[in-house]
1. Just wondering, is there one or more residues in segment 7-30 that are exposed (fewer than 12 other Cβ atoms within 10 Å of the Cβ), modelled with pLDDT under 80 and over 15 Å from the mean Cα position of the chain (by Cα)?
2. Counting just the residues of segment 50-92 that are surrounded by 13 or more Cβ atoms within 10 Å (Cβ to Cβ) and outside any helix (DSSP H, G or I), which one comes out modelled with the highest pLDDT?
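The values are calculated or read from the model by the stated rules, or taken from the named source; none is laboratory data. Everything quoted here is computed from the prediction, not taken from an experiment. Methodologically, a virtual Cβ is constructed for each residue, glycine included, from the backbone with ideal geometry; neighbour enumeration extends over all protein chains shown.
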Amino acid sequence: MSDDKQQQTRDEVAQEKFGKKFEELDPMERIQVGGTIGGRSRGDAEGGDHKEHLNMVAQEKFGKNFDDLEPMQRIQVGGTVGGQAGGLYTGTGGDQ
């Protein structure tokens, strides 16, 4: 992906998630934007609906949809989804 296209994608996701440009985000928000972009890329490559997968894992772990989670919970869900995509993790196990 070209640098211009990558920056455009970052800005689009940052606007969608936080209503700001990527450069205006704090470090934790930037991580979330990166995770969203990576997850969408994996979802597109696998022919799946990434948002649906995030919601499924969020429900398993926290009993809520992804959009209703706190930032740290979103990071945990993103890590679980990323691990599943990489074949490193096969179940959520829940966070009790």
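1. Scanning segment 7-30, I find no residue that is exposed (fewer than 12 other Cβ atoms within 10 Å of the Cβ), modelled with pLDDT under 80 and over 15 Å from the mean Cα position of the chain (by Cα), so the answer is no.
2. In this case the residue turns out to be LYS64.
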